[in-house]
1. Give the range 259-275 a look and list any residue that's assigned to a loop (DSSP other than H, G, I, E, B) and either of a type in the set (A, V, I, L, M) or open to solvent by 10 Å² or more (accessible area, probe 1.4 Å) (or both), or say none.
2. Could you list, in sequence order, all residues of the range 106-132 that are among the hydroxyl-bearing types (S, T, Y) and either modelled with pLDDT under 95 or part of a helix (DSSP H, G or I) (or both)?
3. Looking at the range 79-90, I want the residues that are closer than 17 Å to L273 by Cβ and have a partner that is β-branched (V, I, T) with Cβ atoms under 6 Å, at least 6 apart or on another chain. Which pairs are those?
4. Quick test for you: out of D252, D215, D177, pick the one residue that is in a loop (DSSP other than H, G, I, E, B), modelled with pLDDT of 95 or more and acidic (D, E).
5. Does T99 fit the bill of being farther than 24 Å from T214 by Cα, of a type in the set (V, I, T) and open to solvent by 10 Å² or more (accessible area, probe 1.4 Å)?
6. Of the residues that sit in the range 67-76 and are without any contact (Cβ under 8 Å) to a residue 40 or more places away in the chain and of a type outside the set (S, T, N, Q), which one is least open to solvent (accessible area, probe 1.4 Å)?
7. Can you name every residue in the range 243-266 that is touching a helix residue (DSSP H, G or I) at 6+ places or on another chain (Cβ under 9 Å) and small (G, A, S)?
8. Among residues belonging to the range 199-258 that are crowded, with 17+ Cβ neighbours inside 10 Å and among the acidic types (D, E), point out the one that is nearest to the chain's Cα centre (by Cα).
Amino acid sequence: MLNYENQYSKEGKLMYLSVPGSSSNSPVDCRTSSLKIFIAALENALTAELLRNLSFGCVNSVSSGCHTDMDFQLFQQSGRFICQELATMPQTAAASFLTLRQAGQDCEQRLLQLTGGVNTQKGLLFLVLFLWQAWVSNTSWAALSEHISNFAQDLQKDYVQMPYSRSSLSHLAGLADIRHLPLTGFRPLLNTVKLYLQSDWSDLQLTLYLIATTDDTTTFKRGGLEKLRYVQQTAGQILLLTAEEQIKAAEDLNNYYLSNNLSSGGVADLFSLTKCLAELKDQWL
């Protein structure tokens with residue numbers, strides 16, 4: 001069980017919070033009174049991601065997929081660690097992009113120490129920190145996209161300052177890399193959340209939609225652009241089938257990932273964030 005006691009008053013509420021650029025400098029209201037709500041939603045989402053029957057090259061409860069250095073237990077530990085870090089992260093980290101980046105880099109180093117240097121969920125950590133910042137700075141759901149987009153603008157500099165990072169190389173290849181998401185204010189992700197809530201998708205259907213619409217840089221790194229486009233096109237076609245036909249076709253696509261040593265790691269992160277935001281939407285301001 002995570003220990004949140006030092007984060008709250010005796011009434012279980014967050015203390016006063018004043019963050020430059022936030023939509024409010026008043027005490028966090030009853031709806032956002034507890035960071036436990038955010039952490040619980042993230043924990044539920046990370047669990048759901050690991051329990052998917054078909055993981056398309058990623059780790060799940062029955063297989064390590066295409067990852068010889070990872071397993072289910074390691075991902076459980078990684079997810080719990082990230083939730084613990086977010087639960088105890090100083091609220092001063094939300095004050096600016098630079099303070100959040102530094103806190104994130106420190107957290108990333110501790111995560112790598114935990115996993116013995118294995119990159120389990122660095123991408124997830126990078127993305128969820130923007131949502132954590134918006135939550136603790138009391139940003140409304142209506143203002144969420146604009147807030148994140150404005151807050152993340154310094155990421156543009158990374159394409160020049162870190163030209164050989166995976167994200168920058170993916171960007172040069174014409175892909176919507178991981179920095180694209182916060183720079184656009186998470187608009188693609190928020191649109192996915194809306195569709196997910198409206199369509200009552202299964203976890204498999206949500207995964208297929210994300211494969212079809214995501215420029216997954218993990219898949220790109222392992223298989224190149226041609227295989228990335230193939231799995232995107234195939235997933236989109238599977239979604240047009242009947243529910244019964246989807247299962248068999250999805251199993252074939254899952255086998256394609258395994259036989260070609262591909263992994264949908266970026267999709268897995270977006271799956272978790274979609275489930276997390278879907279649970280939080282009605283509790284957000």
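The values are calculated or read from the model by the stated rules, or taken from the named source; none is laboratory data. Treat the numbers as computed from the prediction; the structure is a model and nothing was measured. Positions of Cβ are backbone-derived with ideal geometry, glycine not excepted, and every protein chain shown enters the neighbour counts. Surface areas here come from the heavy atoms of the whole protein model, side chains and all, with no ligands, DNA or RNA. Shrake-Rupley method; radii C 1.70, N 1.55, O 1.52, S 1.80 Å.
1. Matches in the range 259-275: N260, N261, L262.
2. T115
3. Final answer for the pair search is C83/I39.
4. Just a single option satisfies the conditions, and that option is D215.
5. yes
6. The residue in question is F72.
7. A243, A249, A250, S263, S264, G265, G266
8. Out of the qualifying residues, it is D216.
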